[in-house]
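Written below as structure tokens is the structure these notes are about.
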Amino acid sequence: MIKTTLVRLLASVCRAEFLVFVPALTLAAFWYGGEGAMVVTALAVPALVLSAGLVVALGGGRSRGLVAEFDRVLADKDGLGRTTGCFVIQFDDPAGLIDRHGRSTQTEILARCNDRIRSAMRFGDTLTILEDGSLAVMLAPVFRLDLETMIQIAGRIQTVVQLPIDLRAGTVHVTCSIGFCQGRRAPEATGRSLLDAAQIAVDEARRHGPGAIRAFSLDMARAKASRDALRDEMQQALAEGQVKAHFQPQLSTDTGGISGMEALARWHHPHRGCLLPGEFLPAIEANGLSAQLSEVMLREALTALASWDRAGFVVPTVSVNFSAAELGDPHLPERLKWELDRFDLTADRLTIEVLETVVATSQSDTITVNIAALAALGCGVDLDDFGTGNASITSIRRFALRRLKIDRSFVTGVDLDREQQTMIAAVQSLAERLGLETVAEGVETAAEHAMLAQLGCGHVQGYAVARPMPAEEASVWLERMAIRASLPHLLASRAR
Ligand code: C2E
Ligand code: CA
Ligand code: CA
């Protein structure tokens with residue numbers, strides 16, 4: 001307590017600018033105390049100022065300390081109208097950084113950047129590592145702090161962070177995004193408000209990153225508030241069961257039988273009706289709710305599959321879509337295994353759909369390892385929207401896939417369009433060479449269905465077969481299919 005008070009006192013008295021008074025103080029000490037006093041003053045005053053500055057630079061430790069520092073500066077009546085500014089610095093793609101280099105390397109990178117920023121800042125500026133691993137800088141109080149100066153400082157910070165970092169494991173390059181707020185632009189004249197404002201700005205920068213810089217604005221705060229409200233609403237919707245799986249069947253072109261059901265998310269919104277994934281998936285991903293969504297979808301899909309089993313319907317597999325964020329979760333295979341065991345279903349009853357863009361662009365080893373682990377477990381892995389993501393043959397071979405899901409854009413009009421036929425035939429021969437099956441998506445007419453069967457496509461899915469339906473409706477559809485399938489036998493047995 002006494003130490004903190006002393007540090008505060010020193011910090012407020014011993015600002016860098018006070019060094020200009022050192023010669024005068026030394027002279028005064030000489031007049032009043034002789035040579036000894038002069039030497040002591042000449043050495044002690046700079047040491048005091050420096051040590052106070054150092055304490056300010058290292059003090060606080062975490063956000064609480066920083067907020068207290070800001071509060072002190074903003075409320076400083078003796079500050080003669082001086083102000084401060086706050087910067088928050090975040091690495092772009094921190095998860096990828098950990099994924100590629102490991103957690104201990106990430107800590108080392110953070111420490112290096114911390115040192116570099118410290119050496120790029122002015123005397124008396126405060127640098128703190130926040131609880132979430134981002135870095136915050138508080139500027140030593142100044143009389144004038146305009147936008148241009150803030151942008152220049154942010155640029156200087158970026159320059160030092162983005163220099164190559166030599167580690168024992170090799171050279172690493174990182175980029176960072178920066179958000180900032182000038183003291184007088186924070187919604188309230190408090191340290192918490194100033195730090196929050198810079199954090200809102202860095203979130204905005206991250207959304208436009210890598211390497212973006214954003215200044216806080218009230219519009220930004222309003223947009224954040226509405227995103228937060230949507231996030232709360234979505235979290236509640238997921239918890240209360242408003243998000244449900246609808247099911248769309250896939251048929252074998254060979255036997256005409258059901259080869260699977262794809263689970264597609266629908267938000268049964270209390271006021272806005274049934275929302276499609278396009279209307280809420282981006283917000284789910286942006287708000288880090290992918291894990292909750294996939295948990296709901298997996299549970300709904302396995303519940304439906306178990307109930308169809310009990311009713312005696314033949315549904316070989318149910319397909320669930322997984323986002324890149326979910327596929328990057330190292331616990332995914334064990335979570336899926338646990339869920340399958342809970343429903344007493346074997347792994348081959350579950351198919352994981354992975355977007356071609358994820359396979360094409362992912363540099364994450366975790367995704368590769370996870371997909372291999374899921375395939376080894378016995379789950380099917382389908383490459384979704386095939387033909388749109390530019391995955392190379394090498395990346396396709398790297399993943400243990402079962403089927404290519406040919407995107408709807410190649411399927412539409414395939415019965416009439418020779419170009420479409422050529423494309424499907426090419427995909428078909430690629431799949432055969434790679435030992436994979438194919439599913440054509442978005443099949444809307446019986447003529448397309450027939451042409452796809454003729455071109456050798458193994459499975460079809462689309463409105464021509466059925467639209468995505470709630471689980472109960474899908475049971476009715478399965479019942480009708482079962483009756484249709486058994487009709488020839490019934491007629492044959494009656495004829496006997
Ligand atoms: P997708 O995986 O390609 O799913 C197929 C989409 O095409 C679905 O749209 C489906 O309703 C639609 N569709 C099916 N047959 C036809 C057809 O004959 N014609 C036309 N025009 N469209 C057809 P939906 O349900 O709006 O889903 C859109 C996308 O959202 C999905 O595309 C998938 O990428 C994503 N998605 C859906 N559910 C989930 C989920 O639970 N998790 C994740 N991560 N993504 C999901
Ligand atoms: Ca899909
Ligand atoms: Ca698709």
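Measuring r between the beta carbons of residue 159 and residue 372 and using R0 = 51 Å, the FRET efficiency lands at 0.80. Which loop-located trypsin sites (Lys or Arg not before Pro) does the range 117-177 contain, where loop means any DSSP state but H, G, I, E or B and the Cβ has at most 10 other Cβ atoms within 10 Å? For trypsin sites (Lys or Arg not before Pro) across the range 117-177 that sit outside H, G, I, E and B with at most 10 neighbouring Cβ atoms in 10 Å, the list reads 144, 168.
Residues of the range 378-418 with backbone nitrogen within less than 15 Å of a virtual label 7 Å along the Cα-to-Cβ line of residue 169, please, listed as ranges. No residue passes the distance filter.
The accessible area of residue 274, taken with all protein chains in place and a 1.4 Å probe, comes to roughly 70 Å². Counting only residues at least eight positions apart within a chain, or on another chain, the aspartates and glutamates with an alpha carbon under 19 Å from that of residue 244 are 232, 233, 262, 279, 285, 295, 300, 326, 339, 353, 472, 473. Taking the square roots of 5 times each eigenvalue of the Cα gyration tensor of the chain, largest first, gives ellipsoid semi-axes of 64, 23, 19 Å. Dipole check for the chain: with +1 at the C-beta of Lys and Arg, -1 at the C-beta of Asp and Glu, and the Cα centre as origin, the magnitude is about 1040 Debye. Per DSSP H run of at least 4 residues, take -39500 (n - 2.57); add these up for the chain, divide by its residues and hand me the 222 nm value, nearest 500 deg cm²/dmol. So the helix-based figure for the chain works out to -17500 deg cm²/dmol. Compactness of the range 241-491 is given as radius of gyration and Dmax, 17.8, 57 Å, from Cα positions.
Close amide H pairs (under 5 Å, H built 1.01 Å from N) link residue 381 with 352, 402, 403, residues at least 5 positions away or on another chain. Kindly provide the trypsin sites (Lys or Arg not before Pro) of the range 221-280 that DSSP labels as loop, not H, G, I, E or B, and whose Cβ sees at most 12 other Cβ atoms within 10 Å. Those satisfying the criteria are 272. Placing +1 on each Lys and Arg Cβ and -1 on each Asp and Glu Cβ, with no other charges, gives the range 197-323 a dipole about its Cα centre of roughly 260 debye.
Where does the charge balance sit around residue 339 when Lys and Arg score +1, Asp and Glu -1, over other residues with C-beta under 9 Å from its C-beta? Here the charged neighbours net out to +2.
Label positions at residue 390 and residue 103, each projected 7 Å from the Cα along the C-beta direction, are separated by 3.6 nm. For the set 310, 103, solvent exposure ranked by accessible area (probe 1.4 Å, protein chains only) runs largest to smallest as 310, 103.
Put simply, the amide H of residue 445, placed in the peptide plane, has neighbours under 5 Å in 464, leaving out anything fewer than 5 places away on its chain.
For the range 100-121 versus the range 283-319, the inter-centroid distance based on Cα atoms is 41 Å. Based on DSSP H assignment, which helices of the chain show an axial Cα extent of at least 20 Å together with a mean Kyte-Doolittle hydropathy greater than or equal to -0.5? Membrane-span-like by this rule: 22-58, 147-161, 191-208, 290-311, 418-434, 471-495. Compared with the alpha-carbon gap, the fully stretched path from residue 433 to residue 486 is longer by 15.5 nm at 0.36 nm per residue.
The values are calculated or read from the model by the stated rules, or taken from the named source; none is laboratory data. What you see is a predicted model, and the numbers here were worked out from it, not measured in a lab. Quick reminder, even Gly has a Cβ in these numbers, built from the backbone with ideal geometry, and neighbours come from all protein chains shown. Note: areas computed on protein heavy atoms with side chains; ligands, DNA, RNA excluded. Shrake-Rupley method; radii C 1.70, N 1.55, O 1.52, S 1.80 Å.
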